[in-house]
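Worksheet: one structure, shown below.
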Amino acid sequence: FLQMQFDKEGNTTYFEKKKTELYQELGLQARDLRFQHVMSIATRNNRIIMRMEFLKAVITPEFLLILDYRNVSLEHWLLNELASQLAGEGQLVTYSLPFEFRAIEAILQYWISKLQGRLNTLQPQILETLEALVDPKLLSVDRSKLRILLQNGKSLSELETDVKVFKETILEILDEEEVIEELCLSKWTDPQVFEESMSGIDHAEEMELLLENYYRQAEDLLNEARELRVLIDDSESIIFINLDSHRNVMMRLNLQLTMGTFSVSLFGLIGVAFGMNLESSLEEDPRIFWLVTGIMFLGSGLIWRRLLSFLGRHLDPPLPPHVPAVLKKSQPAAGRVEIKTSLKGETFGLSRSTLTNQ
């Protein structure tokens, strides 16, 4: 294993160690460090083993081990933030509690901030794409925008899955009081901490509050992702309505042209009849040509007009759906961004959905 070790003062040590040596040093077995789960938090032999996808950590009362840390974003966090957080210089609320509390909070904080960063990246892209797609002035849908929306929708689904797994992992621990007790490593190794717990400072309760805090943050993050998903679904409905409206217009135009062709063809039979060299002596009069031609055009126009009035009585004129501005963005000086999304289909009875993100 390529390892990075952090002690209570934030000092960092890099080294490589064989798996068997690491098992023996930590008092663990080979199966404990296989990390076969995508995300898990478990205790073994007064050790906390955490796996957050590519983040593999072993927490003891004295130090924190990060295994196989070769990842660009992970190395940046390890080198620039984690050491100061463990030393009490960061913004961790557990700096006054035993070392394992700070280590667990630092890892959970890193992971929830990573999930939040992914959502913050996807959200403006999705909103911008939806705003362009549901514009009522557009007669056709931009395929490139649809491709971008499809890719962002897939990324949003992956984010929702990761947040759900994170929530379920924490919930499994919250449902087991014994596991919460086992996470308080110093309570069983440090006599002073044990006396504090016996005198009224319940470290298990502090651990439960810590986990509940990040569980609620994950729940809020999942709700924001679900609201984006609902917004995408509503926008897809509006896009389909717009396409149906334009399709109906084209079908109506095609029907009108067909009726016009029928009218001209019907009175065109007169010209066909006169073009058959009939011996009626009418063809000898030079005024007959203009008379017959006038009757043909006049009759065709009258029949076409009658067909159009019949069509108007039996078919309602297609009205394009009224879709107001999808997004209204305002950025106050305090740095808060409020995004209000209003998607209406007044003619078709669509519901309004509003997304507010601060």
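The values are calculated or read from the model by the stated rules, or taken from the named source; none is laboratory data. Owing to the predicted nature of the structure, the values given are computational and were not obtained by experimental measurement. Ideal geometry is used to build each Cβ from the backbone, glycine not excepted, and the neighbour counts take in all protein chains shown. Just so you know, the surface numbers come from the protein's heavy atoms only, side chains and all, with ligands and any DNA or RNA stripped out. Shrake-Rupley method; radii C 1.70, N 1.55, O 1.52, S 1.80 Å.
Could you go through the range 75-93 and let me know if any residue there is at pLDDT 85 or above and either in contact with a helix residue (DSSP H, G or I) (Cβ under 9 Å, 6 or more places away or on another chain) or open to solvent by less than 10 Å² (accessible area, probe 1.4 Å) (or both). Within the range 75-93, not a single residue is at pLDDT 85 or above and either in contact with a helix residue (DSSP H, G or I) (Cβ under 9 Å, 6 or more places away or on another chain) or open to solvent by less than 10 Å² (accessible area, probe 1.4 Å) (or both).
With respect to F1, determine if the residue is assigned by the TED database to the domain that holds L78, within 20 Å of L82 (Cβ to Cβ) and surrounded by 15 or more Cβ atoms within 10 Å (Cβ to Cβ). Yes. W111: part of a helix (DSSP H, G or I) and under 20 Å from T169 (Cα atoms), yes or no? Yes: the conditions hold for W111. Within the range 231-273, being surrounded by 14 or more Cβ atoms within 10 Å (Cβ to Cβ) and closer than 30 Å to V163 by Cβ holds for L231, I232, D234, S235, E236, S237, I238, I239. Among the residues of the range 1-27, the one identified as in contact (Cβ under 8 Å) with a residue 24 or more places away in the chain and within 16 Å of N45 (Cβ to Cβ) is L26. A residue that is open to solvent by 70 Å² or more (accessible area, probe 1.4 Å), touching a helix residue (DSSP H, G or I) at 6+ places or on another chain (Cβ under 9 Å), more than 30 Å from I238 (Cβ to Cβ) and at pLDDT 85 or above occurs somewhere in the range 56-67. In the set L228, L243, only one residue is more than 30 Å from R305 (Cβ to Cβ), at pLDDT 80 or above and not charged (D, E, K, R); that residue is L228.
Screening the range 188-212 for residues that are under 22 Å from E62 (Cβ atoms) and of a type in the set (S, T, Y) and picking the one that is modelled with the lowest pLDDT gives S197.
Just a yes or no: is a residue in the range 37-48 of a type outside the set (K, R), modelled with pLDDT under 80 and touching an Asp or Glu at 6+ places or on another chain (Cβ under 9 Å)? Within the range 37-48, one or more residues are of a type outside the set (K, R), modelled with pLDDT under 80 and touching an Asp or Glu at 6+ places or on another chain (Cβ under 9 Å).
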